[in-house]
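Beneath this line is the structure, given in structure tokens, with notes to follow.
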Amino acid sequence: MLLMKAINEYAWWQTGIIYEVYPRSFQDSNGDGVGDIHGIIQRLDYLRWLGVTAIWLTPMYPSPMKDFGYDIMDYTAIDPLFGDMKDFDELLEQVHKRNMKILLDLVPNHTSDQHPWFLESKSSKDNPKRDWYIWKDACTDGSRPNNWLAMFGGSAWEWDDDTQQYYYHAFLKEQPDLNWRNQEVRNAMYDVMRFWLDKGVDGFRVDVMWHLVKDAQYRDNPVNPAYQETMSSYNKLLPVYSTDQPEVHDIVREMRKVLDEYRERIMIAEIYLPVHKLVRYYGDDGNGAQLPFNFLLLTIDWDARKIAAGIDEYEGVLPLQGWPNWVLSNHDQPRIVSRIGKEQARIAVILLLTLRGTPTLYYGDEIEMRDVPISDEDIKDPQGLNMPGKNLSRDPARTPMQWDASEYAGFTTNRPWLPLAKDYKRKNVEQEKKFEHSMLGLYKEVLSLREAEPSLLVGKYVPVLAESPNILAYKRCAEGHDAFLIVLNLSHQPVYFRPKHLKAKGKVEMGTIPELKGKEFNGKINLAGDEGVIIRLEE
């Protein structure tokens, strides 16, 4: 069994902390208002101090920036906006010098319409790269090939006057989808992976992996009976034929084989699917993605019993060698503080960092950053621009990191590409470091405890039944080490933890507020609203 291994036998990504950096918004070093590679280098010591062991960088490849880097013109270069390859090599060296890892965003589903591959494909029907993308004739009545919709609004099919066919784009029309049924496409992308792995990157987060293969018959997607007008227009249909096709798992295995040509490299897969479909991306006998992103805490109602049931379901369907992982926020979703409030966000920190598995943090969550309102004239995100009036822009969760109280929050010396939060002079890293019991202090404390305690790092997850519907409780334990009981109040009202089937004693190691520390646990504990504790149990 996996949990019987010694700590040093676990892979780095099983015991590590992954931190997502959105380069545009992390640190600007040259005063143009946009973050860059040298800016990231300047902040590496902060990340190491916090307890981060791996950074995941969203795309920095050359791009027209229609989707801010997810529309790629060249997979093996750096956009001048962020620096150059020499800068990246320095970043890689500095990250590894601090005994940290670096993960790149791999975007294999689509390219920019300015990528040389697409320009060739578009040039004529008989071009050798024509089949590298998905081209289809119009239907006999002149209509589009099928009813598939684009994630960013409208039809997923775009007409090309020059060659008199439609091409498919799951996102913007400037982001044509590659044809992953073509072996030449696969080989070209695997060469891209090898280019970066040869440089020494430690792995990839693979963008929209579940989109890679489409139904061979291109059948219409069914209508979504649960659609509401407040939703994205993409949700009008259920994407049963345009995503998550059986053949995608062959590609996942092939990607993993490329990674396995190198030592200790990892593949994280972006997949928004129900858990029973998600776990298939681990592959047979663990030959798929090591960490198919688990977005349960991003999408579920903030309700103790629903979350407990979701955790149990996830733990129950994980393959034997599958390692769990957890995410609270990312660059595509509202920040955790904006979703559940700052009081419950402290509960969420303890939950994220004490559940079994690898946590991924999102920049700024550790200082309680929240979504920033963006005026209509400042909206940059195509999702917000293409579906106005629905409040679907992702910009509010992508605003600049708040480092200090100086002008522009220490992020830049000029106007930043997105507006700053109004409270940045009070809510920033410099200020939070001064107060032991700030959100940053809480992150630091839990991360330090997690790193020091094998039970929290790799121990078993054991659910504990609580009578109150507002309590989420569980144990973490590893043979030969202290066990811990985590009790979290996911409500604003007092709760009383009296588990009938748990005969244990202990002492509160830490909690959401400092006054809880040292409190005795003798089989019961009372918690005020928004309080949570980590209890070190006695033998």
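The values are calculated or read from the model by the stated rules, or taken from the named source; none is laboratory data. None of these values were measured; they are calculated from a predicted model. Cβ: placed from backbone, ideal geometry, glycine included. Neighbour counts: every protein chain shown. Ligands, DNA and RNA are excluded from the accessible area calculation, which covers all protein heavy atoms including side chains. Shrake-Rupley method; radii C 1.70, N 1.55, O 1.52, S 1.80 Å.
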Report summary line: Filtering the range 488-501 down to residues that are open to solvent by 30 Å² or more (accessible area, probe 1.4 Å) and at pLDDT 95 or above yields HIS492, GLN493, PRO494, TYR496
Query raised in the report: If only one of TRP132, TRP148 is of a type in the set (Phe, Trp, Tyr), in contact (Cβ under 8 Å) with a residue 24 or more places away in the chain and farther than 18 Å from GLN383 by Cβ, which one is it?
Result: TRP132
Report task. Hey, could you check the range 100-137 for residues that are surrounded by 15 or more Cβ atoms within 10 Å (Cβ to Cβ) and among the small types (Gly, Ala, Ser) and say which is farthest from ASN179 (Cα to Cα)? Result -> SER112
Report task. Considering only the range 503-533, state which residues are in contact with a Gly (Cβ under 7 Å, 6 or more places away or on another chain) and of a type in the set (A, V, I, L, M, F, W, C). Result -> ALA504, VAL508, PHE521, VAL533
Query raised in the report: Looking only at residues in the range 228-250 that are in a loop (DSSP other than H, G, I, E, B) and charged (D, E, K, R), which one is most open to solvent (accessible area, probe 1.4 Å)?
Result: GLU229
Requested in this report: Can you tell me which residue within the range 526-539, out of those that are farther than 17 Å from ARG450 by Cα and at pLDDT 95 or above, is surrounded by the most Cβ atoms within 10 Å (Cβ to Cβ)?
Outcome: LEU527
Query raised in the report: Which of the following residues is closer than 26 Å to VAL21 by Cα and acidic (Asp, Glu): GLU313, GLU366?
Result: GLU366
**Report entry** Filtered residue count, the range 148-167, keeping only those that are open to solvent by 50 Å² or more (accessible area, probe 1.4 Å) and in contact with a helix residue (DSSP H, G or I) (Cβ under 9 Å, 6 or more places away or on another chain)
**Finding:** 1
Requested in this report: Would you mind listing the strands (runs of 3 or more DSSP E) fully within the range 139-227 where at least 1 residues are under 28 Å from the mean Cα position of the chain (by Cα) and closer than 26 Å to ASN294 by Cβ?
Outcome: 203-206
Requested in this report: May I ask you to verify whether ARG205 is open to solvent by less than 30 Å² (accessible area, probe 1.4 Å), closer than 30 Å to PHE88 by Cβ, of a type in the set (D, E, K, R) and at pLDDT 95 or above?
Outcome: yes
Report summary line: Only unsatisfied item for ASN414, checking (1) open to solvent by less than 20 Å² (accessible area, probe 1.4 Å); (2) modelled with pLDDT of 95 or more, is (1)
Report summary line: Checking GLY389, GLY384 in turn, the sole residue that is assigned to a loop (DSSP other than H, G, I, E, B), more than 26 Å from THR512 (Cβ to Cβ) and without any contact (Cβ under 8 Å) to a residue 12 or more places away in the chain turns out to be GLY389
**Report entry** Conditions (1) touching a Lys or Arg at 6+ places or on another chain (Cβ under 6 Å); (2) of a type in the set (Asp, Glu); (3) farther than 27 Å from VAL201 by Cβ; number of the one not met by ASP126
**Finding:** (1)
Query raised in the report: Here are ALA504, ALA478: which of them is open to solvent by less than 60 Å² (accessible area, probe 1.4 Å), at pLDDT below 95 and not β-branched (Val, Ile, Thr)?
Result: ALA504
Query raised in the report: Which residue pairs have Cβ atoms under 6 Å apart, sit 6 or more places apart or on different chains, and have a first residue in the range 153-167 that is small (Gly, Ala, Ser) and a second that is open to solvent by 20 Å² or more (accessible area, probe 1.4 Å)?
Result: GLY153/SER233; GLY153/ASN386; SER155/ARG144; ALA156/LEU149
Report task. Could you grab me the full set of residues in the range 405-424 that are in a loop (DSSP other than H, G, I, E, B) and either closer than 12 Å to GLY364 by Cα or in contact with a Phe, Trp or Tyr (Cβ under 9 Å, 6 or more places away or on another chain) (or both)? Result -> ALA405, PHE411, ASN414, ARG415, PRO416, LEU420, ALA421, TYR424
Report task. Go through the range 169-187 and give me each residue that's open to solvent by less than 50 Å² (accessible area, probe 1.4 Å) and under 16 Å from ASP67 (Cβ atoms). Result -> HIS169, ALA170, PHE171, LEU172, GLU174, GLN175, PRO176, ASP177, LEU178
Query raised in the report: Which fully enclosed strands (runs of 3 or more DSSP E) of the range 433-539 have 1 or more residues being touching a helix residue (DSSP H, G or I) at 6+ places or on another chain (Cβ under 8 Å) and basic (Lys, Arg)?
Result: 460-464, 471-477
Report task. Sort out which residues of the range 18-57 are open to solvent by less than 10 Å² (accessible area, probe 1.4 Å), of a type outside the set (A, V, I, L, M, F, W, C), more than 14 Å from LYS380 (Cβ to Cβ) and under 17 Å from the mean Cα position of the chain (by Cα), and write them in order of number. Result -> TYR19, GLU20, PRO23
**Report entry** Residues of the range 363-378 satisfying the condition of being buried (at least 17 other Cβ atoms within 10 Å of the Cβ) and part of a loop (DSSP other than H, G, I, E, B)
**Finding:** TYR363, GLY364, GLU368, MET369, ARG370, ASP371, VAL372, ILE374
Query raised in the report: Among the numbered criteria (1) more than 23 Å from the chain's Cα centre (by Cα); (2) open to solvent by less than 40 Å² (accessible area, probe 1.4 Å); (3) modelled with pLDDT of 95 or more, which single criterion is violated by LEU420?
Result: (1)
Query raised in the report: Of all residues in the range 450-474, how many are farther than 15 Å from ALA309 by Cβ and open to solvent by 20 Å² or more (accessible area, probe 1.4 Å)?
Result: 8
Query - Single unsatisfied condition, ARG256 versus (1) under 23 Å from the mean Cα position of the chain (by Cα); (2) in a loop (DSSP other than H, G, I, E, B) - result: (2)
Report summary line: Listed by range, helices (runs of 4 or more DSSP H) wholly within the range 267-345 having at least 3 residues that are farther than 30 Å from ASN391 by Cβ and either of a type in the set (Asp, Glu) or open to solvent by 50 Å² or more (accessible area, probe 1.4 Å) (or both) are 304-317
